[in-house]
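Here is the structure we will look at.
Laboratory data are not the source of any read-out in this text; all were calculated from the coordinates shown. Keep in mind that what you see is a predicted model, and the values were worked out from it rather than measured. Neighbour counts are summed over all protein chains in view; Cβ atoms, including those assigned to glycine, are modelled from backbone coordinates with ideal geometry.
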Amino acid sequence: MTLTEKTVREIAIDNPATVPVFESLGIDYCCGGHRPLSEACERAKVSVDRALELIANAQSAGEPANKEKWSRAAAADLIQYIVERHHGFIRKEVPRLEALFEKVIEHHGDTHKELLDIRELYGAMSQELFAHMMKEEQILFPYLEKLEAASFGHGVLPTACFPSVEMPIARMLAEHDDAGTLLARIRSLAADFHPPESACPSYRRLYAGLEDFDQDLHRHIHLENNILFPRAAVLERSLRDRRQ
Ligand SMILES: [Fe+2]
Ligand SMILES: [Fe+2]
């Protein structure tokens, strides 16, 4: 299979060094990562040759990315990383960006009405994310850790309040899509996070913060959608098969 036939998700999992390339080109590698590279380039209006060149450069740049190569790590380690790195980032950034919104809207809300819409969308998205993270941390992730422990040990499927792990995963995937849609609307209203020429330092910090938030959420969702959740489904199936 050629690289252009591979899905964006497969390329990102095989080599996490390609993630910044997809981000810089506006290619969706998390919620829409199931598309072959050629199709994803077409959707992002990017030349396939340019994408292949950047991917090759990222792959040869090598080593530092390997520390983020999660496809072979234990699920428990990946969960710990997601909670500390990505959930922690959201909990830290939301209050900081909300305070910046207050300040910027007070001074620029009259002349830049889009800021009001962006704040409303950001508020809705962050509320949904807080509820989402709580479900992951209190229900789904502990269950995944039990699944992994069972597969290494006694082999008995852990008890749960759902018939299959596929159910909470389907819910989490839908919520990721919703967050991705809200972020795409924010990005579009914020002109791809380019502040106006006249923007003050707080305005610039707000847009830079929103851009970091966007990037971090894509990496976060990529780890869950493309690595952790498929692993959970495989673990559950193998434990069921062992029982039969
Ligand atoms: Fe998460
Ligand atoms: Fe999630």
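One table, with the values for the structure above:
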{"item": "Anisotropy class of segment 107-244 from Cα gyration tensor, a/c 1.5 cut", "result": "prolate"}
{"item": "The chain: most fluctuating residue of 12, 73, 232 per GNM, C-alpha cutoff 10 Å", "result": "73"}
{"item": "Cα extents of the chain along the three principal axes, largest first (Å)", "result": "67, 43, 28"}
{"item": "With Cα atoms, 0 to 90° folded angle of helix 201-222 axis to the chain main axis", "result": "20 degrees"}
{"item": "Rounded if a/c under 1.5, otherwise prolate or oblate - segment 1-121, Cα gyration tensor axes", "result": "oblate"}
{"item": "Calculated FRET efficiency for the pair residue 216/residue 156, C-beta based, R₀ 41 Å, to 0.05", "result": "0.65"}
{"item": "Residues residue 171 and residue 59, FRET efficiency given R0 of 35 Å [Cβ-Cβ distance, rounded to 0.05]", "result": "0.50"}
{"item": "Label-point gap, in nm, between residue 187 and residue 24 - each point 7 angstrom along Cα→Cβ", "result": "1.6 nm"}
{"item": "Non-local Lys pairs in segment 1-131, i.e. 8 or more apart or on different chains, that have alpha carbons under 21 Å apart", "result": "4"}
{"item": "Which of 19, 234, 46 has the fewest Cβ neighbours within 10 Å, and the rest in rising order", "result": "234, 46, 19"}
{"item": "Inter-label distance for residue 204 and residue 93, nm, one decimal - labels placed 7 Å from Cα along Cα-to-Cβ", "result": "2.0 nm"}
{"item": "For peptides 84-96, 174-186, sequence by mean Cβ density within 10 Å, most packed first", "result": "174-186, 84-96"}
{"item": "Cα-based helix-to-principal-axis angle, 88-108 vs the chain, degrees rounded to 10", "result": "20 degrees"}
